[in-house]
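Quick notes on the structure that follows.
Computed from the coordinates by the stated procedures, all read-outs in this text should not be read as laboratory data. Quick caveat, the model's predicted, so the values are computed rather than measured. Using ideal geometry, Cβ is built from the backbone for each residue, glycine included, and neighbour counts are taken over all protein chains shown.
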Amino acid sequence: MSTRVIRPFDPWRSDLCTCPPKYTLNPYTGCSHMCLYCYATAYIGRRPSTPKRDLISSVRKDLRHIDRTRPINMSTSSDPYPPEEQELKLTREVLKILVAHGCRILITTKSNIVTRDIDILMRGNVAVMITITTLDDNLAKIIEPNAPSPSQRIEAVQKLASEGIPVGVRIDPVIPYVNDDERMLRQLVNEVVNAGARHIVTSSYKARPDNFRRLITAFPELENKLRKIYYEEGELVHGYRYLRPDLRKNLLRPVVDEAKRLGVTYATCREGLPEFRNAPSCDGSHLIPSRVIARVLDLF
């Protein structure tokens, strides 16, 4: 039987996606963070976070049909902690249900609002991956205009880790000429690991027509350089413009090398670079603890 909101994760059907079998659950449609590089806008549009209709009842129904051994990733196309969540508490209500039923949960967010829910997270099989693309608050304000600052996100990593909640960081995407300074990337890895991150995921920016337009509008001085390496020298892979493999390796190597030096697990996302991975999972789902045994309860 098909499910409504807890769905199998396989958005690209690409052999470049090395995520383990899992589900995706997006409490919201659209995303108010309005990141310039967002890939999801290509298929859901660029609009503020909107709560899904009948979400709570749909979650309860879907739990009757899913494989409880597979992680549920919140979220893969719309941040589960947009500014609206502060008041609506929709993600919090969903987490209460999932944790109570022993589900394995992986939260992916670029918001420090996740720390509000520590009281729930510390009781469940939950790990958190926080996206931090730069240490430069001013740059972040341009490329991630409505998201919390990098410094706030690093504080969130520290707070989660201090409460025993497994946490990792996504340095994703690394954009040529924008946030690719080697020294800054190594410093970013150092700061998040010192804050308590146990896993690092990284990836290169992949160009789509809509996110490319947003980037060159924000950085017009980079248009010729970006157009050359993506549209003249790059390659088209499943609808995305990729950098040449050698450029991708050079771009991501500082992150991977620093994570390796510091002794944390690391991986890349949709890069086809198996040599840049030492982790049991690319997405961080190997961090999920086993605190609660999944059990079948009355979900009606």
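Restricted to the stretch 86-103, and to residues there that are surrounded by 24 or more Cβ atoms within 10 Å (Cβ to Cβ) and not aliphatic (A, V, I, L, M), the residue that is nearest to residue 48 (Cα to Cα) is 91.
Of all residues in the stretch 34-46, those that are surrounded by fewer than 16 Cβ atoms within 10 Å (Cβ to Cβ) have Cβ atoms under 6 Å from Cβ atoms of residues that are assigned to a loop (DSSP other than H, G, I, E, B), 6 or more apart or on another chain, in 42/208. Restricting attention to the stretch 213-240, the residues that are free of Cβ contacts under 8 Å to residues at least 40 places away in the same chain, in a helix (DSSP H, G or I) and either of a type outside the set (A, V, I, L, M, F, W, C) or closer than 28 Å to residue 277 by Cα (or both) total 11. Considering the stretch 195-232, the residues that are loosely packed, with under 15 Cβ neighbours inside 10 Å and within 16 Å of residue 180 (Cβ to Cβ) include one that is nearest to the chain's Cα centre (by Cα), namely 218.
Quick test for you: out of 183, 214, pick the one residue that is more than 18 Å from residue 270 (Cβ to Cβ) and in contact with a Ser or Thr (Cβ under 9 Å, 6 or more places away or on another chain). Before the answer, list the steps.
Values: 183 fails: in contact with a Ser or Thr (Cβ under 9 Å, 6 or more places away or on another chain).
Exactly one residue qualifies, and that residue is 214.
When restricted to residues that are surrounded by fewer than 23 Cβ atoms within 10 Å (Cβ to Cβ) and in a helix (DSSP H, G or I), the stretch 257-286 contains 9.
Check 98, 135, 139 and return the single one that is of a type outside the set (Ser, Thr, Tyr) and in a loop (DSSP other than H, G, I, E, B). 135 is the lone residue from the list that is of a type outside the set (Ser, Thr, Tyr) and in a loop (DSSP other than H, G, I, E, B). Residues considered: 173, 145, 83, 166. Of these, the only one that is touching a residue at least 60 places away in the same chain (Cβ under 8 Å) and surrounded by fewer than 17 Cβ atoms within 10 Å (Cβ to Cβ) is 145.
Residue count for the stretch 242-256 satisfying the condition of being in a helix (DSSP H, G or I) and within 20 Å of the chain's Cα centre (by Cα): 7. For the stretch 103-132, the set of residues classified as in a loop (DSSP other than H, G, I, E, B) and either farther than 14 Å from residue 33 by Cα or of a type outside the set (Gly, Ala, Ser) (or both) consists of 103, 110, 122, 123, 124, 132, listed by residue number. Taken together, the residues in the stretch 148-163 that are buried (at least 19 other Cβ atoms within 10 Å of the Cβ) and part of a loop (DSSP other than H, G, I, E, B) amount to 1. Restricting the first member to the stretch 190-210 and to residues that are free of Cβ contacts under 8 Å to residues at least 40 places away in the same chain and over 21 Å from residue 281 (Cα atoms), and the second to residues that are in a strand (DSSP E or B) and not aliphatic (A, V, I, L, M), the beta-carbon pairs closer than 6 Å and six or more apart or on different chains are 207/241.
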